[in-house]
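The values are calculated or read from the model by the stated rules, or taken from the named source; none is laboratory data. All values derive from a computational prediction rather than experimental measurement. Heads up, the Cβs are rebuilt from the backbone with ideal geometry, glycines too, and the neighbour counts pull from every protein chain shown. The accessibility values were calculated without ligands, DNA or RNA, using every heavy atom of the protein model including side chains. Shrake-Rupley method; radii C 1.70, N 1.55, O 1.52, S 1.80 Å.
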Amino acid sequence: MISTGEALERLFALTTPLPVEEVGLLDAADRVLARPVTARRDQPPFAASAMDGYAIRANDLVEGATLKVIGEAAAGTRFDGAVNPGEAVRIFTGAPLPQGADHVIIQEDVDRDGDRVILRDTTGSGSNIRPAGGDFRTGDRIDAPRVISPSDVALMAAMNLPRIPVTRRPVIALIATGDELVQPGENPGPDQIVASNSYGLHALLSKAGAKVRLLPIARDRVDHLRAVFALAEGADLVITIGGASVGDHDLVARVAGEIGMEQAFYKVAMRPGKPLMAGRLNGAAMIGLPGNPVSAMVCGHIFVVPVVRHMLGLGAEPAPRRTAPLAEDLPENGPREHYMRAQNTPDGLRPDTRQDSALLSVLAGSAALLVRAPNAPAARKGELAEYLPL
């Protein structure tokens, strides 16, 4: 067995960041920006009013002064003339500041009488003007790599960038294996269960940025497993669920080897998730996950999501961990790294009393994976412990 850290390093060695493609701005959210992009214009492109009011010269900002209104400026329609001493232009938020004006007095601080305004209150702070280029200037850039947020999309639109360079999404072929499985909505036989791992992993890896293909359930027959493997052609990563152990009906490693898999490792010193396998299969990376539902999902968080992020160009880094105090005493740990399903309570991390790797209800009700190092000594309530948020 190898450590989780070594297993992750070997998985990173099996994969590389994928090529760049361009997408339209409407399709850019949640994709990974592959290279920096730069603004094609200043924002705002002109000095603009930040308020509804009157554009004037600052020298005319005297309480009780009367100014002549010579025109109007609205967003999208500028006033073409110049503001001279003793004059004002009615202006609205976002409108270009007229030539000669260097202050906007808000409409609440004046009295209007026909084509005249009387400045009633001149104590307001600031000029109420947004300077040209005050947000960004031509050539200012958004750095990469980064997951593009909705705010990034708005910024890119303002920068006049209609198409965005992003990393191609990794295509993952997801294969659940076992005679005992049926799809959700089907009627299980007396000795069957409903497939759950493949659906949970589909959701997890799609959220991480992958394009996931859910293939048919592979039955415990060599010919059927070969046929389903053939459907994975073209994938960047092939993931099998179950069948990776050494029992008589665990055929994944055998069949994968027969069709060309070069194994990188088998078995990791962790729980849940010990029977993890990985290698290369016909040009794609392959990960064989355990069949127990919690084991498969935990391995998805610990191994597969970081691999997806690596393929997206976000770096070869393990899932980020945080620390929090323990809400109760914990006994010493065994020789394998333990990922305990836990709640992050006001008192600290509290592991569930049930840690069986088949209990999806416990996983769904947990907010964290409390990490216990191999051979960790007993820990006392209040000690800091590492965890992965779920």
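Given the choices [x] 20.1; [y] 17.6; [z] 27.2, mean projected area of the Cα convex hull in nm² derived from the coordinates of this structure is entry [z]. Which residues make up the longest stretch of the chain clear of GluC sites (Glu not before Pro) that lie in a DSSP loop with no more than 14 other Cβ atoms within 10 Å, not counting the sites? Answer from the scan: 64-185.
Accessible surface of the chain, 1.4 Å probe: 49 percent of it comes from carbon and sulfur atoms. Would you mind checking the tilt of helix 4-14 against the longest principal axis of the Cα atoms of the chain, expressed as 0 to 90 degrees and rounded to 10? It works out to around 80 degrees. Among the trypsin sites (Lys or Arg not before Pro) in the range 263-360, those located in a DSSP loop and surrounded by at most 16 other Cβ atoms within 10 Å of their own Cβ are Lys267, Arg321, Arg354.
Gain on full extension, evaluated as 0.36 nm per residue between Arg146 and Leu26 minus their Cα-Cα distance, stands at 41.5 nm.
The antiparallel fraction among DSSP beta bridges confined to the chain stands at about 70%.
Charge dipole of the chain (Cα centre as origin; +1 on each Lys and Arg Cβ, -1 on each Asp and Glu Cβ, all else neutral): 800 debye, rounded to the nearest 20. When the chymotrypsin sites (Phe, Trp or Tyr not before Pro) in the range 295-390 are filtered for DSSP coil states and for at most 14 other beta-carbon atoms within 10 Å of their beta-carbon, no site remains. Here the dipole of the range 253-367 is about 240 debye; that uses its Cα centre as origin and unit charges on the Cβ of Lys and Arg (positive) and Asp and Glu (negative).
Taken one residue at a time, the phi angles of the range 353-364 give Karplus couplings (6.51, -1.76, 1.60, θ = phi - 60°) of 6, 10, 10, 4, 6, 9, 8, 5, 4, 5, 4, 5 Hz. Gly and Pro are set to x.
Taking 17 Å as the straight-line reach from the Cα of Lys274, the aspartates and glutamates in range (excluding those fewer than 8 positions away in the same chain) are Glu6, Glu9, Asp250, Glu337, Asp356.
Summarising the amide proton neighbourhood of Ala88: residues at separation of 5 or more, or on other chains, whose placed amide H is nearer than 5 Å comprise Lys68, Val69, Ile70.
Structural descriptor for the range 99-227: relative contact order 19 percent, calculated from alpha carbon pairs under 8 angstrom and at least 6 residues apart. Angle of helix 197-208 to the longest C-alpha principal axis of the chain, folded into 0 to 90 degrees and rounded to 10: 30°. Once both labels are positioned 7 Å from their Cα atoms along Cα-to-Cβ, the gap between Leu390 and Glu332 label points is 2.8 nm. The trypsin sites (Lys or Arg not before Pro) of the range 26-80 that DSSP puts in a loop, and whose beta carbon has at most 16 other beta carbons within 10 Å, are Arg40, Arg41.
Each label point was placed 7 Å from the Cα along the Cα-to-Cβ direction; for Glu317 and Ala82 their separation is 5.5 nm. Overall, the range 240-306 carries a charge dipole of about 220 debye about its Cα centre when +1 sits on the Cβ of Lys and Arg and -1 on the Cβ of Asp and Glu, all other atoms neutral.
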